[in-house]
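Read through the structure below, which is laid out as structure tokens, and then see the notes.
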Amino acid sequence: MLAVPGSNPRFVEKARGLDVDAFFLDLEDAVAPSEKEAARAGVVRALEDGGWDGKVRSVRVNDITTEWAYRDVITVVENAGAHLDTLILPKVTAARDVHWLDTLLTQIERAVDLPVGRIGIEAQIEDARGLTAVEEIAAASPRMETLVYGPADFMASINMKSLVVGEQPPGYDTGDAYHHVLMRILVAARAHGLQAIDGPYLQIRDVDAFRRAAGRTAALGFDGKWVLHPLQVEAAGEIFAPSQEDYDHAELILDAYAHATTVDRRGAVMLGEEMLDEASRKMALVIAGKGRAAGLRRTRTFDPGT
Ligand code: GLV
Ligand code: MG
């Protein structure tokens with residue numbers, strides 16, 4: 001998911017040509033306070049002008065403690081709601097933040113004749129309170145589609161002794177300092193059928209470091225990551241898709257298991273040296289689904305005789 005400062009028409013124009021699944025136009029932390037109000041019109045124009053080529057279209061509004069939040073939502077949705085798929089709500093600390101946005105969205109949709117409930121909500125978990133309430137936030141509305149981890153704000157919120165977002169804090173020489181946070185967000189998302197998305201990596205020229213950080217969350221099961229620069233786009237695409245080998249293997253497992261259960265009528269079967277059962281099928285479905293979504297093609301076919 002590509003982050004695009006809403007106040008910068010040059011970045012908006014560039015964003016149209018990048019090969020990402022989703023993008024958001026930012027009205028929050030990438031926009032200076034003095035530009036917040038003017039940025040709304042630019043965001044509306046960028047959505048209305050289109051050219052986003054099947055990408056999921058989002059806007060990040062300001063958080064609900066600010067004087068900008070309500071008018072961000074009203075201006076963007078009244079004027080460009082038909083060209084918008086989700087709103088990202090930052091710094092969510094409780095279910096009531098999501099209720100507020102859900103209610104306001106419904107009012108606007110009724111007022112301007114948009115289908116009620118189509119616009120989804122992505123909640124950013126960015127501080128200790130948000131993490132503590134992550135379960136109730138995930139369950140707060142049928143509009144909830146995604147939990148997004150906000151590493152920079154989160155690190156600030158817990159007083160982490162580091163300035164490099166997404167990197168292990170110096171001095172913490174054992175394990176992964178973010179494991180608890182990431183796993184908690186991921187489990188809450190999965191428990192409620194939501195996507196889990198990792199936030200930004202700010203050292204934009206260090207693509208190897210981006211790969212390491214993205215590789216960790218992709219390995220856990222996160223669905224994607226924010227990208228800030230074309231250099232990060234390509235890396236993220238590769239990292240969140242399965243390897244060709246894993247994709248082929250997953251499709252073979254699905255074929256072998258389907259053959260075993262329907263033709264041989266057995267619930268457990270061997271594929272080479274590997275024993276497969278129903279749980280193997282579920283694991284394979286995850287990898288195969290990601291591979292198909294990434295446009296991978298099979299290079300091996302199943303032969304029931306082997
Ligand atoms: C993103 O919003 C972050 O705080 O990392
Ligand atoms: Mg943030």
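The requirement of being modelled with pLDDT under 95 and more than 19 Å from Ala123 (Cβ to Cβ) is satisfied by Glu238.
Considering each residue of segment 131-167, count those that are within 16 Å of ligand 1 (Cβ to nearest atom) and either assigned to a loop (DSSP other than H, G, I, E, B) or touching a His at 6+ places or on another chain (Cβ under 6 Å) (or both), and give that number.
Adding up the residues that qualify gives 10.
Just checking, how many residues over segment 144-176 are more than 12 Å from ligand 2 (Cβ to nearest atom) and among the hydroxyl-bearing types (Ser, Thr, Tyr)? The number of residues fulfilling the criteria is 4. Only one of the numbered conditions (1) closer than 23 Å to Gly130 by Cα; (2) in a helix (DSSP H, G or I) is not met by Thr65, and that is (2).
Considering segment 174-279, the qualifying helices (runs of 4 or more DSSP H), each wholly inside and each with 3 or more residues that are of a type in the set (Asp, Glu) and either out of contact with any strand residue (DSSP E or B) (no Cβ under 7 Å at 6 or more places or on another chain) or more than 16 Å from ligand 1 (Cβ to nearest atom) (or both), run over 244-262. Criterion first (within 16 Å of ligand 1 (Cβ to nearest atom) and either under 30 Å from Met155 (Cα atoms) or surrounded by 15 or more Cβ atoms within 10 Å (Cβ to Cβ) (or both)) does Thr66 satisfy it? Considered against the rule, which asks whether it is within 16 Å of ligand 1 (Cβ to nearest atom) and either under 30 Å from Met155 (Cα atoms) or surrounded by 15 or more Cβ atoms within 10 Å (Cβ to Cβ) (or both), Thr66 comes out as yes.
Of the candidates Glu135, Glu122, the single residue that is within 14 Å of ligand 2 (Cβ to nearest atom) and under 20 Å from the mean Cα position of the chain (by Cα) is Glu122. No other residue among Arg300, Arg265, Arg281 is within 30 Å of Arg211 (Cβ to Cβ) and basic (Lys, Arg) apart from Arg300.
The values are calculated or read from the model by the stated rules, or taken from the named source; none is laboratory data. Just so it is clear, the structure is predicted and the values come from calculations on it, not from any experiment. Note that each Cβ is placed from the backbone with ideal geometry, even for glycine, and that neighbours are counted across all protein chains shown.
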